[in-house]
1. Between A:I302, A:I167, A:I44, which gets the highest mean-square fluctuation from a Gaussian network model of chain A, Cα cutoff 10 Å?
2. If neighbour count is taken as other Cβ atoms inside 10 Å, put B:L53, B:L85 in order from fewest to most.
3. In whole Å, what is the distance between the alpha-carbon centres of segment B:228-244 and segment A:239-256?
4. For helix B:173-186, report the angle its Cα long axis makes with the longest principal axis of the Cα atoms of chain B; keep it between 0 and 90° and round to the nearest 10°.
5. Picking from B:A15, B:A333, B:A263, which is most flexible by a Gaussian network model of chain B using Cα springs under 10 Å?
6. Between segment B:63-123 and segment A:173-219, what's the alpha-carbon centroid distance in Å?
7. Let me make sure I get this right: for the protein assembly as shown, a, b and c are the square roots of the gyration tensor eigenvalues over alpha carbons, sorted descending. Under 1.5 in a/c it's rounded, otherwise prolate if a/b > b/c, else oblate. Which is it?
8. When a/c reaches 1.5 or more, the comparison of a/b and b/c decides; with that in mind, is segment B:132-177 rounded, prolate or oblate per its Cα gyration tensor?
There are 2 protein chains.
Amino acid sequence: MKNTEINSTEIARLAGVSRSTVSRVINNYPNVPTKTREKVMQVIEKYQYVPNLSAQIMAGKRTRTIGLFLKSTGLVSNDMLTNMLITRVIESASLRGYYVLTHIMRTKTDEEEARIVKETFQQRRIDGGIFIGAANHEPLIEELIGEGYLVGIVDQNSLGRTESNRIVSNFDNITGMRLGVDYLVSMNHRKIAFIKGDPLRWSGPEKYEGFMQAMAAHYLPVNGEWIIPGDFSEEGGYRATKEWLGTVSELPTAIFSVNDSVAFGALRALNEAGIQVPEQISLLGFDDHVLSSRINPALTTIHVDFYEMMENLTDAMIQSIEKGPQQFQKFIAKTSLVVRDSCRAI
Amino acid sequence: MKNTEINSTEIARLAGVSRSTVSRVINNYPNVPTKTREKVMQVIEKYQYVPNLSAQIMAGKRTRTIGLFLKSTGLVSNDMLTNMLITRVIESASLRGYYVLTHIMRTKTDEEEARIVKETFQQRRIDGGIFIGAANHEPLIEELIGEGYLVGIVDQNSLGRTESNRIVSNFDNITGMRLGVDYLVSMNHRKIAFIKGDPLRWSGPEKYEGFMQAMAAHYLPVNGEWIIPGDFSEEGGYRATKEWLGTVSELPTAIFSVNDSVAFGALRALNEAGIQVPEQISLLGFDDHVLSSRINPALTTIHVDFYEMMENLTDAMIQSIEKGPQQFQKFIAKTSLVVRDSCRAI
DNA sequence: CTGAAAGCGCTTACAG
DNA sequence: CTGAAAGCGCTTACAG
């Protein structure tokens, strides 16, 4: 790359002022007379001068950059939902003139990854960082918050942790589960199975909790045989369902899946076992994945406003960066029922 | 954010050496005796010292950061294919210890956007930049290359432009179009329509060229009525097809669509007009979009190895950054036919 | 092998 | 209102 950009000394010389004044103009200080300001601006524009960011940072300015850290075991680029979340953050930030520095935590050992992430904060590359896919109360994140860095997290239980540099953005799992169970019950289902999610991620246990509450609200028994352990992946949903089908003594009339990816896997396992959805069993998802309307049968599911969720988080982070630490902030994105073709009344 | 990180002066003091020596250790200079190196490393590790990146950049180091610039009119987060390309770059870069600074060019006027992008280079935030979705020979990009910045571009005709700081990654449109036409011809189609793409993007005209060549190779006439103008979007494909259906005097037996998104739109328009695919007309796409295997009928298409395409580009860029300007580099990702259910023999 | 010093390009109290 | 100067935290010739 070239190395011959013009600097503030040169601008100062050309405008016949000091570097101090150039800096005051650049940073929009009030105590510069219009005439001086215009004189300097003309030179700046003529030479298309742009201050060196590193020098500005060294002198104490912000980076106008947000870090985005993805925790993922598999190939992230294959995961449409995560791709969308990433792009959504970038889009929100770009709209506000912020850059996003993205890093995928997948290459190294946990310890080394943690070091790399911490470095990004320590090197002052970023004004704050957003984490997607992290475990609930992940030690690295708690450490960063403890050290005063500004951190945004998705899908975390924040009970009792209300530091001003912690921003949490969740979705309403309890209401979502309630909507789903209510809907199934309204279709006369009472025998309802639940495929659980990753127990380490907050929405895993919370959705389970929501399911239990909703079932209790309808005075419906929960059959232990119908609580299926799982993770959040399509492959996991397939394996869990296949194994479960081999052992279960009586089938439920409906399955509520912790998310849509798992439901896709479950659907495949059910199809392979010759069980028709929704004729023989109803299947309900959670997320409203982009594929859910496209598969056959189109998946009835709980829509999550991920768009709003990431927007809120990114916005709040930028606010905190620009206005200094605010109060602790927590957002809860809405969930709603989307009826398609995978459930039927019995 | 906190402001109390340890610096090299402090490390030097604690290790009983000068800052010069600390720097030599950090940068792995050979002329440091093992004993001194170890002594310094111990202090560095004990205090988890990480050099300030901005200071390093000011002193002439690289940023280990790649810029990623997206040109898009609509909401990028809704475009699954673009999301995948973005994440793919981030993933490749993360694997090599590089960060990716992403910016979406959508918010402002063209002029202002160009300024913001140029700033990113000028501020030395990045060691090089990758552009996705840019027009062929976009002036901003040519300007950046002219000024010596390292630029990677997707889908560009590089004829006669072989600067060492230009890296191009395309896919093989000519072969892809040839494969598609060959396939249709092998199914006895001779009346073949083509929906064209965005004329400003290189793959638009190149695919058209490939189509004409392939038709000529089979001595097939090209009916002007069956060349349909379009862009690269689903909505565009829908509108173009709908309009075309209203005016065309004789239907072809097959439609080759410039990409899969356009084919999805075309399929919708055909369905609405009561024309069955593939019974009444065959439909062939290009890209192998994630949705193509999921729609009904599953779309027969030309698979493009986007994964390889972005990987090559990102890799070559990192090579150029680390080893200095190489020769001009150009990559061409493979294309191959994927047979599904949207074409039939006649 | 190693330290003192210059230099990178800004910002911002400080003094006038 | 504005300039001279200190300071941010590194790296790297230079001299020894």
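Please treat every number below as a calculation from the coordinates, not as lab data. Since this is a predicted model, take the numbers as computed values, not measurements. Note that each Cβ is placed from the backbone with ideal geometry, even for glycine, and that neighbours are counted across all protein chains shown.
1. A:I44
2. Working: B:L53 21, B:L85 24.
Sorted ascending by nearby Cβ count, the order is B:L53, B:L85.
3. Their Cα centres are 45 Å away from one another.
4. Helix B:173-186 and the main axis of chain B meet at about 30 degrees.
5. Most flexible of the set in this elastic network: B:A15.
6. When both Cα centres are located, 39 Å separates them.
7. oblate
8. Working: a/c = 2.38, a/b = 1.89, b/c = 1.26.
Prolate, because a/c is 1.5 or more and a/b exceeds b/c.
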